[in-house]
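*Asks:* Quick one: this structure, given as structure tokens, is what I'll be asking you about.
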Amino acid sequence: MAGVSRVMLFHYLGYFGSMILIWLVMVATLLPHPMRILLKPLEALLLIASLLFGIFGVLYVMRGGHRGG
Amino acid sequence: MNRQDLRRYDLEAWIHVHFYKIASIYSIIEALAILAHIAAPSGITEAIFRISTLIYWALLTPSFYELSKGFLMIYSRGSAYSHIAENIRERLVRRYYSRAMLARIALYVAIVIWVVGPIAFIAGWLYGWG
């Protein structure tokens, strides 16, 4: 149970993180040149969030946590 | 509740569930698109990253909508966006009138803010601002 909870914690971290970061990345592409430096860290964070969302989601299903719905 | 029941009971929730599952798998493709864009910046990887990000945004949109509604339902003490009997809702709206009204307006504000993202992204791409 504790294992499943940790998996879901990372999954939701990626889920909510993706939702916030995707918006920030999209808006940050319009930043003027000196502030464009912010874009790369945001993209890297979105990369991490996407991986957490996907990989831990699949892990959760593989561990039998998925009960339909 | 099975999927067919959910579809009949709450179509929005049914759409959210399916988009959420697709987004969960698609997020790995998005991660690869970002990785390619960061590791090997070029016109092609830029285009793949932009299109992939727009698809990912679209897949996350029902989740954002449901999440916003959920938070606003909590904020309005159930007087807005809840599945309860009408007579109970009327009482709640009378009691939490300002919260109910604010929750109704806030959802539209949240949607507008959410939609600004891809508009900025596409405009920057097409007109070379980004």
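*Asks:* Given the residues B:Ala103, B:Ala123, which is the only one that is more than 24 Å from B:His18 (Cα to Cα), free of Cβ contacts under 8 Å to residues at least 12 places away in the same chain and out of contact with any Pro (no Cβ under 8 Å at 6 or more places or on another chain)?
*Replies:* Testing whether each residue is more than 24 Å from B:His18 (Cα to Cα), free of Cβ contacts under 8 Å to residues at least 12 places away in the same chain and out of contact with any Pro (no Cβ under 8 Å at 6 or more places or on another chain) leaves just B:Ala123.
*Asks:* Residues that are over 14 Å from the mean Cα position of the chain (by Cα), assigned to a helix (DSSP H, G or I) and away from every other protein chain (no Cβ under 11 Å): does the range B:54-72 have at least one? First the steps, then the outcome.
*Replies:* Filtering the range B:54-72 for residues over 14 Å from the mean Cα position of the chain (by Cα) gives none.
Within the range B:54-72, not a single residue is over 14 Å from the mean Cα position of the chain (by Cα), assigned to a helix (DSSP H, G or I) and away from every other protein chain (no Cβ under 11 Å).
*Asks:* Are there any pairs with C-beta distances below 6 angstrom linking a residue in the range B:12-38 that is more than 15 Å from A:Tyr12 (Cβ to Cβ) to a residue that is of a type in the set (S, T, N, Q) and assigned to a helix (DSSP H, G or I), with the two at least 6 apart or on different chains, and if so which?
*Replies:* Once the first residue is more than 15 Å from A:Tyr12 (Cβ to Cβ) and sits in the range B:12-38, its partners that are of a type in the set (S, T, N, Q) and assigned to a helix (DSSP H, G or I) give B:Glu30/A:Ser50; B:Glu30/B:Ser52; B:Ala31/A:Ser50; B:Ala33/B:Ser52; B:Ala36/B:Thr45; B:His37/B:Thr45.
*Asks:* So, one more: Of the numbered conditions (1) free of Cβ contacts under 8 Å to residues at least 24 places away in the same chain; (2) part of a helix (DSSP H, G or I); (3) within 14 Å of chain A (Cβ to nearest Cβ); (4) within 21 Å of A:Leu46 (Cα to Cα), B:Ile44 satisfies every one except a single condition; which is it?
*Replies:* Evaluating B:Ile44 over (1) free of Cβ contacts under 8 Å to residues at least 24 places away in the same chain; (2) part of a helix (DSSP H, G or I); (3) within 14 Å of chain A (Cβ to nearest Cβ); (4) within 21 Å of A:Leu46 (Cα to Cα) leaves (3) as the failure.
*Asks:* If you don't mind, another one. Just to be sure I understand the filter: pairs with C-beta atoms under 6 Å, separated by 6 or more residues or on different chains, first member in the range A:11-23 and without any contact (Cβ under 8 Å) to a residue 12 or more places away in the chain, second member assigned to a helix (DSSP H, G or I). Which pairs pass?
*Replies:* Once the first residue is without any contact (Cβ under 8 Å) to a residue 12 or more places away in the chain and sits in the range A:11-23, its partners that are assigned to a helix (DSSP H, G or I) give A:Met19/B:Leu60; A:Met19/B:Phe64; A:Trp23/B:Gly117.
*Asks:* Looking at the range B:106-118 only, could you name the residues that are among the aliphatic types (A, V, I, L, M) and surrounded by 12 or more Cβ atoms within 10 Å (Cβ to Cβ)?
*Replies:* B:Ala106, B:Leu107, B:Ala110, B:Ile111, B:Ile113, B:Val115, B:Val116
*Asks:* Determine which member of the set A:Leu9, A:Leu45, A:Leu39, A:Leu24 is surrounded by fewer than 18 Cβ atoms within 10 Å (Cβ to Cβ) and farther than 21 Å from B:Ala39 by Cα.
*Replies:* Working: A:Leu45 fails: farther than 21 Å from B:Ala39 by Cα; A:Leu39 fails: farther than 21 Å from B:Ala39 by Cα; A:Leu24 fails: farther than 21 Å from B:Ala39 by Cα.
Only one candidate qualifies: A:Leu9.
*Asks:* Return yes or no: is B:Trp14 at pLDDT 95 or above, under 17 Å from the mean Cα position of the chain (by Cα), within 14 Å of another protein chain (Cβ to nearest Cβ) and in a helix (DSSP H, G or I)?
*Replies:* The answer is no for B:Trp14.
The values are calculated or read from the model by the stated rules, or taken from the named source; none is laboratory data. Source: prediction; values computed, not measured. Cβ coordinates were reconstructed from backbone atoms using ideal geometry, including for glycine residues, and neighbour counts include every protein chain displayed.
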